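Novice: I have a structure here, written as structure tokens, and I will follow up with some questions on it.
The values are calculated or read from the model by the stated rules, or taken from the named source; none is laboratory data. All of these numbers come straight from a predicted model, not from anything done at the bench. Methodologically, a virtual Cβ is constructed for each residue, glycine included, from the backbone with ideal geometry; neighbour enumeration extends over all protein chains shown.
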Amino acid sequence: MRTAVPEFPEARLQELADRYAVAVAAKRRRLWLGTAVLIAAALAAGWMGDVKLGMFAENFWRFPAYFASTAPKFSFSSAWVDLSEWLWGLPRWTRLLGDTLLIAYVGTLAGAISGFALCFLASANLVKSRAIVFVTRRVLEFCRTVPEIVFALIFVLAFGLGALPGVLAIAIHTTGALGKQFAEVVENIDINPIEGVAASGGSWIQIVRFGAVPQVLSNFVSYALLRFEINVRGAAVMGFVGAGGIGQDLIEAVRKFYFTDVSAILLLIIVTVMLIDFVTERVRHRLLGLEGARK
Amino acid sequence: MNSFNFENQATIAERHPHLFRPDWWNRGKITVGFGAAIALFVYGIVQLDIPFHRLSDGMFRLGGFLQLMVPPDPGSWAQALIYLHALGETVAIAFLGTLGGALLAFPVSLLAARNVVANRIVHLLTRRGLDTMRGVDTLIWALIWVGVVGLGPFAGILALICSDFGSFGKLFSEAIEAADKKPGEGVLAAGGSHLHGIRFGLLPQVIPILLSQVLYYFESNTRSATIIGIVGAGGIGLQLAEQIRVLEWQRVSFLILLILITVSSIDWISGKLRFAIIGRREIA
């Protein structure tokens with residue numbers, strides 16, 4: 001069924017359009033101002049950051065060319081031989097990848113445990129003393145803000161080359177990151193169980209154990225898994241500064257122009273990271289699903 | 001005081017047995033889970049050959065480093081100026097990296113969102129492409145770009161753009177997929193085209209969310225930008241790595257202090273901007 005849509009008379013349309021213009025004028029002005037500020041900041045940053053677009057355009061071909069040169073040589077007649085030649089270091093690389101995963105795992109677990117211990121001290125709803133909360137939060141912030149690779153650089157000097165500095169660096173960074181996220185979870189919990197335990201005479205430890213922990217545990221595990229995912233990426237580059245894992249071989253291959261090794265190692269890292277992402281995402285969804293079912 | 005008198009606990013337990021019976025199934029699950037986690041932890045420590053005898057020695061040496069770090073001191077004014085310039089580079093890298101990554105990721109995220117482009121193949125390809133970009137660490141991207149444009153902050157900017165492109169593409173497309181369909185349908189029903197639907201139905205919903213994600217990343221990118229100097233991609237990381245290698249601990253602590261101050265001030269600014277844009281809402 002078609003009916004004619006009534007058109008407004010010209011004057012009325014004009015009036016409506018004017019009102020609309022007035023209504024959005026302030027918003028438009030803000031948008032333009034924001035854009036202008038953004039562009040000015042981008043230009044300033046470009047000057048500061050030494051952006052040379054001419055050189056970029058001139059040298060851009062090197063970017064695909066680099067990847068092309070890392071590509072392994074394949075021919076149909078000898079695909080299998082080519083493949084085994086490309087992945088010649090597979091046993092060594094899988095071992096190093098395993099090390100990388102273990103560094104990430106051990107670091108994450110150690111960091112999660114200390115973050116778990118600290119997060120309750122950083123929650124204003126469980127600790128009455130402002131000073132303790134403040135100090136704990138600053139400690140966590142310090143652990144979080146100093147990049148892990150800087151910790152690793154310093155630890156390599158203190159503990160020597162190997163996995164130990166990598167594990168410690170990741171553990172410290174994870175303590176800071178998880179401690180903060182855990183504390184945020186704890187601050188959002190239901191206060192009634194805590195009051196219940198306190199009212200029936202529980203000590204502070206008992207309040208935390210029976211009032212807070214049951215509410216937050218599945219969330220904590222989910223955050224820890226997410227952090228593990230991030231730490232796997234972090235552990236892959238720990239070797240750049242000599243702190244164990246596959247990074248050492250990667251930076252060597254890049255620096256010494258072992259092109260096909262670069263692509264092989266990169267591919268292995270990417271596949272591993274994707275697998276880990278996939279598995280942890282599954283587990284996390286299940287955990288959060290449990291959480292939802294319980295509520 | 002104790003006006004509320006409990007009866008004998010045994011009678012209560014008798015009346016509600018299901019509340020007092022230990023839940024073996026659940027306890028067993030939790031014990032096995034934690035047991036497995038601890039076992040893997042121990043296996044990791046053994047496999048990685050963690051030298052515990054070096055731990056005490058190392059701690060001692062670390063304490064020595066810490067003592068040498070105070071007070072933080074850049075050495076000279078000229079040196080301090082160099083560091084401040086490096087810091088400026090770092091902020092510039094973080095800013096342009098975030099901006100570039102966001103601008104490039106935006107159109108791609110539309111392709112990767114199921115409710116904008118219904119084609120499964122396009123969806124799958126863009127998603128996997130973004131995952132690959134994201135799977136490569138910023139430091140690795142920096143290493144690659146140093147080979148293309150040479151040493152300096154520009155390589156760092158390009159590295160951040162690449163890794164942010166992946167992260168933003170994923171975050172943006174998820175935000176777009178979570179958007180309400182109805183405004184878009186309204187635009188279509190009023191005679192708008194598919195593009196009109198995106199522009200007037202979808203974008204007004206998602207732009208604030210995307211902006212807040214970008215601001216959030218600006219802060220975390222400042223952290224990343226402080227370290228990509230380690231592989232020669234400009235910024236304060238180069239200075240930091242150098243001073244650590246030559247054991248100039250006072251300068252190291254000065255640089256770390258600079259980084260801490262910068263990151264927390266950027267955190268503060270981006271937090272303010274975020275709240276101004278979307279109000280105190282949780283970002284996904």
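Novice: Restricting the range A:126-135 to residues that are surrounded by fewer than 21 Cβ atoms within 10 Å (Cβ to Cβ) and not small (Gly, Ala, Ser), which is farthest from A:Pro193 (Cα to Cα)? Show your work before the answer.
Specialist: Restricting attention to the range A:126-135, the residues satisfying the condition of being surrounded by fewer than 21 Cβ atoms within 10 Å (Cβ to Cβ) are A:127-135.
Those left that are additionally not small (Gly, Ala, Ser): A:127-128, A:130, A:132-135.
Details: A:Val127: 16, A:Lys128: 17, A:Arg130: 22, A:Ile132: 23, A:Val133: 21, A:Phe134: 25, A:Val135: 27 Å.
The residue in question is A:Val135.
Novice: Would you mind telling me which numbered condition in (1) buried (at least 24 other Cβ atoms within 10 Å of the Cβ); (2) within 11 Å of another protein chain (Cβ to nearest Cβ) A:Thr174 fails?
Specialist: (2)
Novice: Also: Looking at the range A:30-37, can you tell me whether even one residue there is at pLDDT below 90 and either among the acidic types (Asp, Glu) or surrounded by 11 or more Cβ atoms within 10 Å (Cβ to Cβ) (or both)?
Specialist: There is at least one residue in the range A:30-37 that is at pLDDT below 90 and either among the acidic types (Asp, Glu) or surrounded by 11 or more Cβ atoms within 10 Å (Cβ to Cβ) (or both).
Novice: Which of (1) buried (at least 17 other Cβ atoms within 10 Å of the Cβ); (2) within 11 Å of chain A (Cβ to nearest Cβ); (3) hydroxyl-bearing (Ser, Thr, Tyr) is the odd one out, the single condition B:Ser270 does not satisfy?
Specialist: (2)
Novice: How many of the residues making up the range A:239-252 are within 10 Å of another protein chain (Cβ to nearest Cβ) and part of a helix (DSSP H, G or I)? Give the derivation first.
Specialist: Taking the range A:239-252 as the starting set, the residues that turn out to be within 10 Å of another protein chain (Cβ to nearest Cβ) are A:240-241, A:244-245, A:247, A:250-251.
Filter once more, keeping what is part of a helix (DSSP H, G or I): A:240-241, A:247, A:250-251.
Of the residues in that region, 5 qualify.
Novice: Is it the case that B:Ala118 is modelled with pLDDT under 85, more than 30 Å from A:Ala65 (Cβ to Cβ) and more than 14 Å from chain A (Cβ to nearest Cβ)?
Specialist: The answer is yes for B:Ala118.
Novice: Continuing with this model, one more query. Which condition from (1) over 18 Å from the mean Cα position of the chain (by Cα); (2) within 17 Å of B:Ala102 (Cβ to Cβ); (3) more than 13 Å from chain A (Cβ to nearest Cβ) is the one that B:Gly197 breaks?
Specialist: So the condition that B:Gly197 fails would be (2).
Novice: May I pose another question? Which one of these is over 30 Å from A:Arg255 (Cβ atoms) and either within 14 Å of chain B (Cβ to nearest Cβ) or within 29 Å of the chain's Cα centre (by Cα) (or both): A:Phe76, A:Phe116? Before you say what the answer is, go through the steps one by one.
Specialist: Details: A:Phe76 fails: either within 14 Å of chain B (Cβ to nearest Cβ) or within 29 Å of the chain's Cα centre (by Cα) (or both).
Testing whether each residue is over 30 Å from A:Arg255 (Cβ atoms) and either within 14 Å of chain B (Cβ to nearest Cβ) or within 29 Å of the chain's Cα centre (by Cα) (or both) leaves just A:Phe116.
Novice: Cβ contacts < 9 Å: first residue among the aromatic types (Phe, Trp, Tyr), restricted to the range B:29-46; second residue surrounded by 14 or more Cβ atoms within 10 Å (Cβ to Cβ) and assigned to a helix (DSSP H, G or I), any location; separation 6+ or different chain. Result?
Specialist: B:Phe41/A:Tyr105; B:Phe41/A:Val106; B:Phe41/A:Leu109; B:Phe41/A:Ala110; B:Tyr43/A:Leu102
Novice: Now, a different point. If you take the residues of the range A:224-274 that are closer than 27 Å to B:Ile244 by Cβ and among the polar types (S, T, N, Q), which of them is surrounded by the fewest Cβ atoms within 10 Å (Cβ to Cβ)?
Specialist: For the range A:224-274, the residue satisfying everything is A:Gln248.
Novice: Look at the range A:95-113 and say how many of its residues are free of Cβ contacts under 8 Å to residues at least 12 places away in the same chain and more than 21 Å from the chain's Cα centre (by Cα).
Specialist: Number of matching residues: 1.
Novice: Look at B:Gly58 and say whether it is more than 10 Å from every other protein chain (Cβ to nearest Cβ), surrounded by 14 or more Cβ atoms within 10 Å (Cβ to Cβ) and closer than 30 Å to B:Thr262 by Cβ. So that I can check it myself, show each step before the final result.
Specialist: Values: more than 10 Å from every other protein chain (Cβ to nearest Cβ): no; surrounded by 14 or more Cβ atoms within 10 Å (Cβ to Cβ): yes; closer than 30 Å to B:Thr262 by Cβ: yes.
Against the criterion (more than 10 Å from every other protein chain (Cβ to nearest Cβ), surrounded by 14 or more Cβ atoms within 10 Å (Cβ to Cβ) and closer than 30 Å to B:Thr262 by Cβ), B:Gly58 does not qualify.
Novice: Which of the following residues is closer than 21 Å to A:Ala42 by Cα and either in contact (Cβ under 8 Å) with a residue 12 or more places away in the chain or in a helix (DSSP H, G or I) (or both): B:Ile176, B:Ile207, B:Ile198? Walk me through how you get there before you give the answer.
Specialist: Values: B:Ile176 fails: closer than 21 Å to A:Ala42 by Cα; B:Ile198 fails: closer than 21 Å to A:Ala42 by Cα.
None of the others qualify; the one that does is B:Ile207.
Novice: Hey, among B:Gly135, B:Gly101, B:Gly88, B:Gly64, which residue is under 25 Å from A:Asp50 (Cα atoms), of a type in the set (Gly, Ala, Ser) and within 9 Å of chain A (Cβ to nearest Cβ)? Step through it out loud before you land on a result.
Specialist: Numbers: B:Gly135 fails: under 25 Å from A:Asp50 (Cα atoms); B:Gly101 fails: within 9 Å of chain A (Cβ to nearest Cβ); B:Gly64 fails: under 25 Å from A:Asp50 (Cα atoms).
Matching residue, one of B:Gly135, B:Gly101, B:Gly88, B:Gly64: B:Gly88.
Novice: (1) away from every other protein chain (no Cβ under 11 Å); (2) modelled with pLDDT of 90 or more; (3) within 23 Å of B:Ile30 (Cα to Cα): which one isn't true of A:Ser222, the others all being true?
Specialist: Only one criterion in (1) away from every other protein chain (no Cβ under 11 Å); (2) modelled with pLDDT of 90 or more; (3) within 23 Å of B:Ile30 (Cα to Cα) is unmet by A:Ser222, namely (2).
Novice: Another one. Evaluate the range A:206-220: report whether one residue or more is in contact with a helix residue (DSSP H, G or I) (Cβ under 8 Å, 6 or more places away or on another chain), of a type in the set (Phe, Trp, Tyr) and under 26 Å from A:Pro72 (Cα atoms). Step through it out loud before you land on a result.
Specialist: Keep residues of the range A:206-220 that are in contact with a helix residue (DSSP H, G or I) (Cβ under 8 Å, 6 or more places away or on another chain), which gives A:206-207, A:210-212, A:214-216, A:218-220.
Then drop every residue that is not of a type in the set (Phe, Trp, Tyr), which leaves A:210, A:220.
Still in the running and under 26 Å from A:Pro72 (Cα atoms): none.
So far as the range A:206-220 goes, no, none of its residues is in contact with a helix residue (DSSP H, G or I) (Cβ under 8 Å, 6 or more places away or on another chain), of a type in the set (Phe, Trp, Tyr) and under 26 Å from A:Pro72 (Cα atoms).
Novice: Here's another thing I want to ask about it. Considering (1) more than 29 Å from B:Ala86 (Cα to Cα); (2) within 11 Å of chain B (Cβ to nearest Cβ); (3) touching a Phe, Trp or Tyr at 6+ places or on another chain (Cβ under 9 Å), say which one A:Met55 fails and leave the rest.
Specialist: (1)
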